[in-house]
């Protein structure tokens, strides 16, 4: 996420760390580099100008020039102003109203709005323990209604039916009545998308808004559209009393311009990031954590939050007990570790949150590991017999050929997996000796504020 912007910003920041002296001249050079980086990331020009003015005023003042560590002081200014730009803190949904709390979703066609309705419904159901109903007022696209119906069944929330050609305002009103009768906590209404800003459809959504008085009106926007995302958000903000923004497809956004522009232009908080296609791929937007990733400092708190939510604690506890008894880490354990990483968002997502990694690939024997490689590893292990998984030393020439053929890979791929497994096995032996894992986690904890480790982390194998 935001890979290009992160790479360039973190490179600039890295050159500053440990600088014993900064002059006004070289500060100006650094500011030019930061400005160029932001513009290349497709951040809206007015936002860049305003941001640079604030950073420049603070950087050329006493705050940096008279600091004992001027490089660190400058980095702190950039960090503070980026956080300020993106909204300082996470803004949760406002559901403090007589149920049902109505959430109206707006956005352009193709922004991922209907999928985001399902993602939000699932989050409200599973995390906030709310009874949720969804409906579609997009009467112009029968496929959109059917898609939402299918997704509602998948995540097990109520779906209020609608039909093509019906009155969108009437659908919204009827859905609200049904939600009240069904004692629903939250009603989410999907609206018709637009390929561009369309006056009649804007009037339609304004009429829906007036009829149901939603407590949240969220603008859903594709983060990969860069400056267009900010401009479109402004148009919707002028037409509707937006309460927040959801940025979709953030995992595919290498530039990050939308995240840095939308909030400043609309003055409305970014509440969530869509970071994948699955219905559980919706994360709260924490400006400070995003900035940490942009500056190459990682995001351990988000990593711990994901672990708390996604890791099978019972399975982790069983593995921990196994290793404590001196049993060997085998290929079945390795498979389970790969699956745990997939549950946590994949290797690339995890690396992006590790300090110093900047989302870069993890090198292994000269070639980068990535999520595609891990999927190949899974297929290879599934092609092994249970005996081979528990006793990898058995896997010699003819077995390797059989496994490669069975998994649709090559012998070279099987060899890479076994080499990677051997490295992992050595690492696990090291960590299980003399409290290695506990020592590692204590070191990580030292990078976080006191009390940052979630209470339920005790079930993990460290």
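The values are calculated or read from the model by the stated rules, or taken from the named source; none is laboratory data. All of these numbers come straight from a predicted model, not from anything done at the bench. In this analysis, Cβ positions are derived from the backbone assuming ideal geometry, glycine residues included, and neighbour counts consider all displayed protein chains.
Answer yes or no: is there a residue in the stretch 139-152 that is assigned by TED's automatic domain parsing to the domain that holds residue 207, touching a strand residue (DSSP E or B) at 6+ places or on another chain (Cβ under 6 Å), over 12 Å from residue 188 (Cα atoms) and without any contact (Cβ under 8 Å) to a residue 24 or more places away in the chain.
Yes: the stretch 139-152 contains one or more residues that are assigned by TED's automatic domain parsing to the domain that holds residue 207, touching a strand residue (DSSP E or B) at 6+ places or on another chain (Cβ under 6 Å), over 12 Å from residue 188 (Cα atoms) and without any contact (Cβ under 8 Å) to a residue 24 or more places away in the chain.
Run down 165, 182, 226, 193 and say which single residue is at pLDDT 90 or above and either closer than 27 Å to residue 273 by Cβ or assigned by TED's automatic domain parsing to the domain that holds residue 124 (or both). Quick ask: steps written out before the conclusion?
Numbers: 165 fails: at pLDDT 90 or above; 226 fails: at pLDDT 90 or above; 193 fails: at pLDDT 90 or above.
Result: 182 is the single residue among 165, 182, 226, 193 that is at pLDDT 90 or above and either closer than 27 Å to residue 273 by Cβ or assigned by TED's automatic domain parsing to the domain that holds residue 124 (or both).
With the requirement that a residue be surrounded by fewer than 17 Cβ atoms within 10 Å (Cβ to Cβ) and not in a loop (DSSP other than H, G, I, E, B), what does the stretch 179-200 give you?
Within the stretch 179-200, 180, 181, 199, 200 qualify.
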